[in-house]
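The block underneath contains the structure these notes are about, expressed in structure tokens.
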Amino acid sequence: MRKQITTALTMTMILSMAAAGPAYGGSWRMEQSGWRYQKDDGRDASGEWLQDGEKWYLFDGQGNMRTGWFQDEAGRWFYFNPGGDMSAGWQWIDEACYYFHPFADSLQGVMYASGLTPDGYLVNESGAWVDAGGTVQRRQAPADTDSMDQLYEEVSYSDGRFESSRSVAADKMAEVDDAVEDFYEEYIQGKISEDEDDWKFKREIEIIRYMVETIRYAEERYRSNSMVEDDYTAYGALIEGEAVCAGYARAFDKLAARCGIESHYVANSTHAWNVVELDDGKWYHVDVTWEDPVGHNDYGYNKLRNKYINLESSQIKKISNHKTWSPDNKKCNAYKYGPTTVAAYLATDQVDDSKAKSYNQIQQEKKDKAEAA
């Protein structure tokens with residue numbers, strides 16, 4: 001059960017959260033009753049939402065900053081951390097894990113319940129992360145997004161047909177680990193050394209080639225809305241050879257980790273992909289799901305389309321289903337290893353970034369050319 005329900009605000013206050021501007025000026029102060037915020041007009045924030053920087057806070061009618069659980073009059077749940085800022089994304093609370101809408105709109109901070117989260121995890125009617133049998137998953141690792149993925153892979157493979165999801169998970173995780181190691185030994189070991197220039201970029205391309213060649217999108221189950229739990233996992237992608245975007249992205253994470261490349265799973269309400277750190281220490285978007293087209297085609301190991309590899313944020317935002325993502329704490333604004341460099345590497349097997357240009361540069365050149373014509 002939830003903690004004691006606090007006094008509900010009006011729906012107008014809730015919806016105004018997305019439209020309100022940041023709190024310019026003003027100052028925080030601590031009183032016996034808790035933290036308070038004096039706005040730049042001299043009044044204390046009271047019975048309202050307040051944005052300070054990128055964080056949102058909520059104050060009760062007496063002007064005290066709220067912490068803990070809060071339910072609005074529409075029945076939607078929010079959670080305010082001990083520091084008072086509103087939760088977004090995955091959060092461990094009282095040994096269970098909850099997902100809160102992370103995007104800056106009228107639903108920001110609202111807890112998901114009774115269904116799948118945007119990144120494919122099952123939550124019960126109270127919002128707690130559960131396995132397919134409805135068992136609440138308890139905290140077993142540090143509370144961060146990466147360990148959330150790890151925990152899900154470890155304990156939540158059961159689709160209700162097995163007596164013990166944990167024992168099945170052990171078998172499946174062993175298969176995934178073996179598949180990852182097989183890939184490394186066949187495609188990376190002795191072929192792309194860490195002593196080479198641009199070794200992360202080269203290994204990344206091998207991972208994408210391998211995934212496009214060996215995995216296909218679970219189109220039939222997706223269209224009939226009959227996906228199974230494995231479709232969302234690295235097991236579905238690497239062992240069964242079939243998955244949806246979440247499975248592709250998790251498989252990429254595991255292959256990248258084995259290759260010494262830092263990768264993070266990102267998602268929104270309709271799609272999932274990865275951001276990856278390459279040799280220049282910069283981050284790039286890579287979407288292997290969309291790089292691997294649905295249906296019969298002549299794309300494969302040596303025939304990548306190079307449409308969704310190492311894109312900048314400004315570039316991927318122009319593509320449908322990629323307007324927003326969470327977590328969004330990695331700045332993807334580099335282009336050294338972008339599509340121009342990828343194209344050169346695919347054609348010559350040599351890394352040549354001499355013609356690399358940012359997405360904005362390319363767009364401006366197209367515009368200038370069109371105007372000149």
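The values are calculated or read from the model by the stated rules, or taken from the named source; none is laboratory data. These figures come from a predicted structure and were not determined experimentally. All Cβ positions, even for glycine, are placed from backbone atoms using ideal geometry, and neighbour counts span all protein chains on display. Each accessible area value is taken on the protein alone, full model and side chains, heavy atoms only, with ligands, DNA and RNA left out. Shrake-Rupley method; radii C 1.70, N 1.55, O 1.52, S 1.80 Å.
Miscellaneous remarks
- Amide hydrogen neighbours beyond the local backbone of Gly89, cut-off 5 Å, H modeled: Phe100, His101
- Remark on Asp279: its backbone amide H falls under 5 Å from those of Lys200, Phe201, a criterion applied only to residues 5 or more positions apart or on other chains, H modelled at 1.01 Å from N.
- Exceeding the 26 Å Cα-Cα cut-off - candidates Lys303/Lys369; Lys307/Lys355; Lys307/Lys366; Lys307/Lys369: Lys303/Lys369
- Shape call, the range 260-370: gyration tensor on alpha carbons, a/c limit 1.5: rounded
- Of the solvent-accessible surface of the range 332-373, computed with a 1.4 Å probe over protein heavy atoms with every protein chain present, carbon and sulfur atoms account for 47 percent.
- DSSP-assigned coil residues among trypsin sites (Lys or Arg not before Pro) in the range 198-267, each with at most 13 further Cβ atoms within 10 Å: none
- Converting phi to 3J(HN,Hα) with the Karplus coefficients 6.51, -1.76 and 1.60 and the offset θ = phi - 60°, the range 83-96 yields x, x, 6, 6, 6, 8, x, 7, 9, 7, 9, 6, 6, 10 Hz in sequence order, with x at every glycine or proline.
- The range 326-373: C-alpha gyration tensor shape, a/c 1.5 cut-off, then a/b vs b/c: oblate
- Accessible area (Å², per residue) of the range 191-337, counting only protein heavy atoms and a probe of 1.4 Å: 43 Å²
- Cα-based shape type of the range 184-331, given that a ≥ b ≥ c are square roots of the gyration tensor eigenvalues and the cut on a/c is 1.5: oblate
- Per residue accessible area in Å² of the range 25-123, where ligands, DNA and RNA are left out and the probe is 1.4 Å: 44 Å²
- Chymotrypsin sites (Phe, Trp or Tyr not before Pro) restricted to the range 258-354 and DSSP loop, no more than 15 other C-beta within 10 Å: Tyr299, Tyr301
- Cα centroid separation, the range 225-255 to the range 32-55: 45 Å.
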